[in-house]
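First up is the structure itself, then whatever we jot down about it.
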Amino acid sequence: MTTKLHLRREDLLASRTVISDANSQLALSDCAQLFAALDELTAESGIGEDQAVALACDNDVASAVTLLYLLARGQGVYLAHPVADDTPDSDALAALPAFCSHLLLPAAGIDADARPARMLATGNDSTGSQCAGRLYAATSGSTGTPRIAVHSHPLLWRNAQNCRERLQLAETDCIAIPVPLFHMYGLGAAFLPAVLAGANVALIGDTNVLRYLQREAASKPSVAYLTPSFAHSLLRVRKSPRQYRLTVLAGDRAPASTFDAYEQKHGCVVCLYGSTELGAIAAGSPDDPAATRRETSGRLMPGVELAAAGEDSPAVLGFRHASGCAGYADAAGRAQPGELLLDGVYRTSDLGELDAAGYLRIHGRRDHTVNRDGQLVSFSAVEQALSQLDAIVAAVVCSNGETPRGAQLTAVCVAADKALDAREIRQQVRSVLAHYAIPDTFLWWDALPRLPSGKPDRQAIQTQLAQADAPASLDRTTTSTAASAAHD
């Protein structure tokens with residue numbers, strides 16, 4: 001497919017991409033009738049291109065085709081989470097931004113003789129909202145209140161082209177996408193680059209390891225987009241090697257041991273670093289040496305400039321991105337100032353640096369680093385060390401109070417085995433962590449609450465800890481059960 005900054009309908013219909021989910025598959029070249037049906041639907045609903053619609057975007061064929069239609073049309077679109085009910089109640093509609101006049105609900109399956117989506121009026125009057133050519137994506141809220149980032153369609157495609165070129169995606173690839181399409185990792189780094197490459201796409205929704213393995217066997221992907229925690233879970237379950245041409249990891253830094261074990265069993269791994277606001281900021285290349293791919297997030301993408309705040313090394317990172325978002329919007333669609341985006345610089349809370357060869361090295365987060373016994377302790381370093389223990393499936397470290405040694409650390413863990421031996425756990429922890437980095441308290445939960453992106457929901461964890469009002473005990477094997485319905 002010819003590289004363009006905005007794929008038109010004729011470009012999509014000329015594509016060789018085939019999109020599949022667990023129940024159906026569809027070639028983009030066969031979408032003319034479905035696109036015509038969506039034309040009728042938008043016309044009947046009185047939606048102009050300057051208005052925005054919310055798309056309840058799931059990892060299925062109907063959502064993917066409808067999203068491509070909206071982008072090709074130049075329609076303003078807000079990426080909403082999937083809707084559990086066929087007919088959302090008034091509260092669910094009222095929760096959508098006021099600039100969305102309608103909610104598009106993709107069909108449960110694809111039928112060439114039926115419309116791929118239904119349109120529901122939200123009751124909002126978005127006349128004159130001037131949303132044409134914009135995509136609105138909510139930030140994850142992993143460290144604060146979620147915001148709505150505004151992307152222009154042409155720059156969104158340019159960002160996707162950066163990923164296609166860096167990751168060397170090709171028509172011969174089949175790309176597995178178990179990460180959400182309504183998240184910028186799933187959309188901007190995975191799905192849109194796959195479409196640009198003319199590759200086949202295997203969408204996987206409601207992902208767990210067994211469901212992923214079933215889809216893998218059916219679609220035979222050559223490329224996979226995963227989170228480090230999911231890659232770690234896959235390693236625990238899979239017994240025999242299965243080679244991919246490439247696996248992309250993003251969301252958090254992968255521990256070196258997970259990276260090496262995964263690469264030995266599954267082939268080349270690269271790390272990608274990005275955000276909802278800027279899309280892909282940096283990524284490794286399959287051509288990079290293994291040590292570089294393991295230890296860095298690759299080189300900056302074209303159009304990205306490092307603007308680190310402060311003179312310390314590592315510094316708090318800031319970036320300018322020629323293909324990043326235009327800013328934030330409020331619920332009415334009006335431009336909204338944000339402290340993270342000032343003077344064209346997106347300010348992260350990540351600590352990092354560019355090394356002498358131009359590779360980005362991430363050392364953790366400024367707000368996830370504390371002082372203990374005069375030593376700087378990174379939450380991510382402790383979490384990665386704990387996750388390598390056979391007894392621990394996943395771990396999140398929080399600071400909640402002070403001790404004579406400095407900040408008090410609590411590790412919230414998911415155990416691999418319900419029958420925990422406290423003495424053995426203590427011994428294993430001492431083998432992977434320095435004494436000053438060992439958490440004061442270990443809490444054992446059935447599951448960690450997670451954000452739609454797959455990252456642990458740290459705010460929800462902190463809230464549950466505060467509600468539990470756990471004592472500041474030095475007992476390293478305190479047991480607790482999380483009330484969250486989220487799953488790892």
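Just so it is clear, none of the values below were taken in a lab; they were calculated from the coordinates. What you see is a predicted model, and the numbers here were worked out from it, not measured in a lab. So basically every Cβ, Gly included, is an ideal-geometry build from the backbone, and we count neighbours across all protein chains shown.
Brief remarks follow.
- Amide H contacts under 5 Å for D350, placed H, 5+ residues apart: L317, R366
- Taking each residue as 0.36 nm, the span from Q168 to A132 lengthens on full extension beyond its C-alpha to C-alpha distance by 9.8 nm.
- Under the Karplus curve 6.51 cos²θ - 1.76 cosθ + 1.60, θ = phi - 60°, whole-Hz ³J(HN,Hα) for the range 28-43, x wherever Gly or Pro sits: 4, 5, 9, 9, 4, 5, 5, 5, 5, 5, 6, 4, 4, 5, 5, 5
- Calculated FRET efficiency for the pair R242/R423, C-beta based, R₀ 45 Å, to 0.05: 0.75
- Using the Cβ-Cβ distance between Q459 and D111 with R0 = 41 Å, the FRET efficiency computed as 1/(1 + (r/R0)^6) comes to roughly 0.50.
- Inter-site label distance for A43 and L210 at 7 Å from Cα along Cβ, in nm: 4.8 nm
- Computed per residue of the chain from DSSP H runs no shorter than four, each worth -39500 (n - 2.57), the mean residue ellipticity at 222 nm is -7500 deg cm²/dmol.
- Note on D355 and A322: the model spin-label points, each 7 Å out from Cα along the C-beta direction, lie 2.7 nm apart.
- Rounded to the nearest whole Hz, the Karplus-based 3J(HN,Hα) values (6.51 cos²θ - 1.76 cosθ + 1.60, θ = phi - 60°) of the range 379-396 follow the sequence 4, 5, 5, 5, 4, 5, 5, 5, 5, 7, 6, 4, 7, 10, 7, 8, 8, 10, with x at glycine and proline.
- Top positive-direction residue, dipole computed over the chain with Cβ charges, set P116, L272, F191: L272
- Full-stretch length increase - Q33, R366 - with 0.36 nm per residue and alpha-carbon distance subtracted: 114.8 nm
- Per-residue Karplus couplings for the range 325-334, computed as 6.51 cos²θ - 1.76 cosθ + 1.60 with θ equal to phi - 60°, are listed in order as 6, 7, x, 10, 10, 8, 4, 8, x, 7 Hz, Gly and Pro entered as x.
- Which label in [x] 38, 24, 23; [y] 118, 21, 18; [z] 30, 26, 26 gives the computed semi-axes √(5λ) of the Cα gyration tensor in Å: [x]
- Projecting the Cα positions of L156, P302, A290 onto the charge dipole of the chain (unit charges on Cβ atoms of Lys, Arg, Asp and Glu, taken about the Cα centre) puts A290 furthest along the positive direction.
- Computed from the C-beta positions of S431 and Q467 and an R0 of 41 Å, the FRET efficiency is 0.80 to the nearest 0.05.
- Each Lys or Arg adds one and each Asp or Glu subtracts one; over the other residues with Cβ under 13 Å from the Cβ of L300, this totals +1.
- With at most 14 other Cβ atoms within 10 Å, longest stretch of the chain clear of loop GluC sites (Glu not before Pro) (DSSP): 340-488
- Between 0 and 90°, nearest 10: helix 256-266 axis offset from the chain longest Cα axis: 50 degrees
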